[in-house]
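Only one structure is covered here, and it is reproduced in the block below.
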Amino acid sequence: MQTSPDDLKKILGPNERVALYLPQKIYHPRINVDSVVLTNERIILRHTHALGLKKDYTDFNYGDISNVVLEKGITRSTIKSTLRLGGEPLALGDLPNADAEKAYGIIRGNIASSQGARLSPSPAVAPRVTSTTTTTTTTS
């Protein structure tokens, strides 16, 4: 695996780490993607323009993705991720099969862990026990 560029390292969160860096060009329907970075928290699409002098980033949190599908070809594959809010799926096309399989596994695992974190019940709080004593005095 190639190391990710320094500009990507600067936008990562404090506990975020790069799981896979895909340097090949991917032509998304709306933007030309220079490279894709999969972290433990999100998918980052890196697109450069102005002869590489300017860089833009588009990211998708795993919690915003409801499903991922691997469409495997003979030598190349496409990964399609369905977004929770609808719209066109995020399609990462023309990936070598080995890279696509790794990316699919990472995305699938991170979707499951983000859904587990979102669906897990909050820690139970033990009820506070208070005792009251009642004293009754009778006189005859």
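The values are calculated or read from the model by the stated rules, or taken from the named source; none is laboratory data. All values derive from a computational prediction rather than experimental measurement. Note: ideal-geometry Cβ built from the backbone for every residue, glycine included; neighbour counts use all protein chains shown.
Do you know which residues across the stretch 97-109 are closer than 16 Å to Tyr21 by Cβ and free of Cβ contacts under 8 Å to residues at least 40 places away in the same chain? If the condition is that a residue be closer than 16 Å to Tyr21 by Cβ and free of Cβ contacts under 8 Å to residues at least 40 places away in the same chain, then Ala98, Ala100, Glu101, Tyr104, Gly105 are the ones that fit. Residue-level check: of (1) at pLDDT 85 or above; (2) farther than 23 Å from Ile11 by Cβ, Gly87 misses just (1). Across the stretch 18-41, the number of residues qualifying as loosely packed, with under 15 Cβ neighbours inside 10 Å and modelled with pLDDT of 85 or more comes to 0.
Table: residues versus (1) outside any strand (DSSP E or B); (2) of a type in the set (D, E, K, R); (3) surrounded by 12 or more Cβ atoms within 10 Å (Cβ to Cβ).
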{"site": "Asn67", "(1), (2), (3)": "no, no, yes"}
{"site": "Gly86", "(1), (2), (3)": "yes, no, no"}
{"site": "Ala91", "(1), (2), (3)": "no, no, yes"}
{"site": "Ala103", "(1), (2), (3)": "yes, no, yes"}
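Checked against (1) modelled with pLDDT of 85 or more; (2) closer than 18 Å to Ala98 by Cβ, Gln2 passes all but a single condition, namely (1). Every condition in (1) part of a strand (DSSP E or B); (2) surrounded by fewer than 17 Cβ atoms within 10 Å (Cβ to Cβ) is met by Leu45 except one, and the failing one is (2).
Scanning the stretch 80-101 for residues that are touching a strand residue (DSSP E or B) at 6+ places or on another chain (Cβ under 8 Å) and over 21 Å from Gln115 (Cβ atoms) gives Ala91, Gly93, Asp94, Leu95, Pro96, Asn97, Asp99, Ala100, Glu101.
The combined condition, being modelled with pLDDT of 90 or more and of a type in the set (A, V, I, L, M), is fulfilled by Ile44.
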